[in-house]
Amino acid sequence: INAEELWESAKSSGWRPSSAPRSDWPPPPRETNGYLRVRCNGGLNQQRSAICNAVLAARIMNATLVLPELDANSFWHDESGFQGIYDVEHFIQTLKYDVQIVESIPEIRKNGKTKKIKGYQLRPPRDAPIEWYTTVALKKMQEHGAIYLTPFSHRLAEEIDNPEYQRLRCRVNYHALRFKPNIMQLSESIVDKLRAQGHFMSIHLRFEKDMLAFAGCIDIFNLEEQSILKKYRKENFAEKRLVYKERRAIGKCPLTPEEVGLILHAMGFDNSTRIYLAAGELFGGEGFMKPFRDLFPRLENHSSIDSSEELVTNTQGLLGSAVDYMVCLLSDIFMPTYDGPSNFANNLLGHRLYYGFRTTIRPDRKALAPIFIDRENGRTAGFEEAVRRVMLKTNFGGPHKRVSPESFYTNSWPECFCQVSPKNPADKCPPDNVLEVLDSRLENKVTSDPETLAEKNSTSRTER
C-alpha cells in the first residue's frame, strides 16, 4: 500500500453503517417506571459513552431519562453542561422511538401542594450487567419515583448479547449526539480551510503531562521536567513501580512527536502533507516538536487556523475538545498516537468506522519499539523498511472483528453495520422505510391515547 492510496477510505467489503432496529422494537410506553437521572464524569468522550449507556439504561428499565448532567470537573473548569455542547432538541427528537426524555424532573401536585420528586442516589457497580438495572435500580425507582446514578461512567457492561441494545448505543452516539450549531459551523470552517489545499490528516498527539505521568515514561526529559511528572503521578495515580526502559520496550509509552514524523515519513508521506494536531498542551516544549516540524512543516491546530475569540477563550474546555473531535472525524486520515486509555482516540476510531470506514493509521507501538530503540543505539540500517513492514500489518479502518480489550465504542462492527447482499441473513440491511414503520407505531400509540390526540400532528420525522 502506498501513501496515495491511504487518502481514500478503507475497503468496506459490501458493509454499510446502519443502526436502525431490525426486529420488533416497540415505542417507549406513555407511563414509565419513573425518572432516571445520571451524572456523567470525565472528559468529553468519556461523558459521551456514558450518555449512550444512560439512554440504554432508561430503555432497559422503561424509565423516562432526565437530560444527562455533564460533570463540570476540575480538569475542564467548564460549566457549559449538556445544553452548552449538544443540540438538545435534536437529541430528544432522534430518540423518540427509543426513550422518553425530559429536561428536568417535573413537579407533582398532591393534595393541593406542589412537590419535587427527589432522586434516590445510587452508585452503580462498574460495568454493571443489565440485571442490576432490572432488579436493584428498578426496585429503588419504583419506591422513590426517581433515581440518581452517580458517578456514571463505565457503569453498564459494554458487551451485551442483544444486538438491538447495541444498535441503540450507536443511534445515540452517531445520530442523536450532535454538537450545537456554533460548534458545527466552527469545525466546518476549519475543515474547509484545510481542504482548500487538498487532503489533510489529523493526529491526536497524546504527548501530554497526564498521559506521560500515567505511562511512567519520564526518563527522556530533563531533571526539572522529570520532577514535574513524578509529582503529577504521585498526586493522581496509584503507587506503582514503573521502569521507563521496560515500559518503552513493550510499547507502553506514548510516541514522541519525532517518532510520529518518522513513521509517516517511512510510510511515504512527504513534507507537503497538511497535518492538523489535536492535542492539549504538549509536554517538554518546542525541543520535542522541532524534529517533527522539520519533517512536516505544514502543522496546524485549531488556534492557528481559526484565531476567533470563541476558541481562544475556550480552548481548554469542552468547546476546544468538541472542535478537535469534529475536525478529526472529517479528516481524510486520522492517526492516534496513543490509544490506550484515551477516550478521545477510541471514540473517534469507532465514529470514523461508522462514518464510512474512513482511513485510520494505528501504530503498533509494541512492534515499533525495538526498531526505534535500535535507531537510538546507532543501528539505523533498514530502519524505514522495518517501520513500513510493521505498519502494513495494521488495520487501516476497514471492518474487523472486535477483540478484547477493543471497546464497542471503538468498533461497533458488526452490530451497527449491515450488508446489502448478505451471506448471513442476520446481516441483512433493514428495509428503507424502517423509520416510517416506527413512526406509524408511535402514531398508533398516540392516537389510542385520548389525552395525546391533540399532539398527534406535532410529530415530525427525524433523519437517522
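The values are calculated or read from the model by the stated rules, or taken from the named source; none is laboratory data. From a predicted model like this one, the values you see are computed outputs, not experimental measurements. Ideal geometry is used to build each Cβ from the backbone, glycine not excepted, and the neighbour counts take in all protein chains shown. The accessibility values were calculated without ligands, DNA or RNA, using every heavy atom of the protein model including side chains. Shrake-Rupley method; radii C 1.70, N 1.55, O 1.52, S 1.80 Å.
Give me the accessible area per residue for the chain, probe 1.4 Å, as a whole number in Å².
In whole numbers, the chain has 47 Å² accessible per residue.
What's the extension gain from Gln93 to Lys366 if we count 0.36 nm per residue and subtract their Cα-Cα distance?
93.8 nm
Which cross-chain or sequence-distant (5 or more) residues have an amide H under 5 Å from the amide H of Met335, H modelled 1.01 Å from N in plane?
Ser202, Ile203, His204, Ile361
Taking the Cα centre of segment 24-178 as origin, work out the dipole magnitude from +1 charges on Lys and Arg Cβ and -1 charges on Asp and Glu Cβ, in debye rounded to 20.
It comes to approximately 660 debye.
Under a cut-off of 25 Å between alpha-carbon atoms, report the lysines in cross-link reach of Lys113, not counting same-chain residues fewer than 8 places apart.
Filter leaves Lys140.
Please give, to one decimal in nm, the separation of the simple spin-label points placed at His199 and Asn433, each 7 Å out from Cα toward the Cβ.
The two pseudo-label positions are separated by 4.2 nm.
Which of the pairs Lys11/Lys96; Lys209/Lys234; Lys209/Lys252; Lys240/Lys366 have their Cα atoms more than 23 Å apart in this structure?
Lys11/Lys96
Given H placed on each backbone N at 1.01 Å, which residues far from Lys428 in sequence or on other chains put an amide H within less than 5 Å of it?
Gln419
Quick one: what do you get for the chain if you divide its Cα Rg by 2.2 N^0.38 Å?
1.06
Restricting to segment 24-178, what percent of DSSP beta bridges are antiparallel, rounded to 5?
Bridges in segment 24-178 are about 20 percent antiparallel.
For segment 24-178, what % of the accessible area comes from carbon and sulfur atoms, probe 1.4 Å?
Whole-percent figure for carbon plus sulfur exposure: 47.
Hey, can you rank 46-52, 208-214 by average C-beta count inside 10 Å, highest first?
Going by the mean number of other Cβ atoms within 10 Å, highest first, we get 46-52, 208-214.
Expressed as a fraction of 2.2 N^0.38 Å, the rule-of-thumb size for a compact globular protein of N residues, what is the C-alpha radius of gyration of segment 24-178?
For segment 24-178, the normalised Cα radius of gyration comes out at 1.00.
In terms of Cα to Cα distance under 17 Å, which lysines are near enough to Lys193, apart from those fewer than 8 places away along the same chain?
Here the lysines satisfying the reach criterion relative to Lys193 do not exist.
Kindly write out, for segment 11-23 in residue order, the coupling ³J(HN,Hα) from the Karplus curve 6.51 cos²θ - 1.76 cosθ + 1.60 (θ = phi - 60°), rounded to whole Hz, with x marking Gly and Pro.
With coefficients 6.51, -1.76 and 1.60, one gets 5, 9, 6, x, 8, 9, x, 7, 10, 6, x, 10, 9 Hz.
Could you check what % of the DSSP bridge pairs in the chain are antiparallel, to the nearest 5? Please list the in-between numbers first.
On the way: 9 of 36 bridges.
Around 25 percent antiparallel, to the nearest 5.
Per-residue counts of other Cβ atoms within 10 Å, averaged by peptide: what ranking do you get for 296-306, 112-122, highest first?
296-306, 112-122
For a quick check of your reading of the filter: which GluC sites (Glu not before Pro) in segment 42-131 sit in a DSSP loop and have no more than 13 other Cβ atoms within 10 Å? Please report the intermediate quantities before stating the final value.
Working: sites: Glu69, Glu79, Glu89, Glu103, Glu107, Glu131; in loops: Glu79, Glu103.
Qualifying residues, ordered by number: Glu79, Glu103.
Would you please give the residues with an amide H less than 5 Å from that of Glu158, counting only those at least 5 places away or on a separate chain, with H modeled from the backbone geometry?
none
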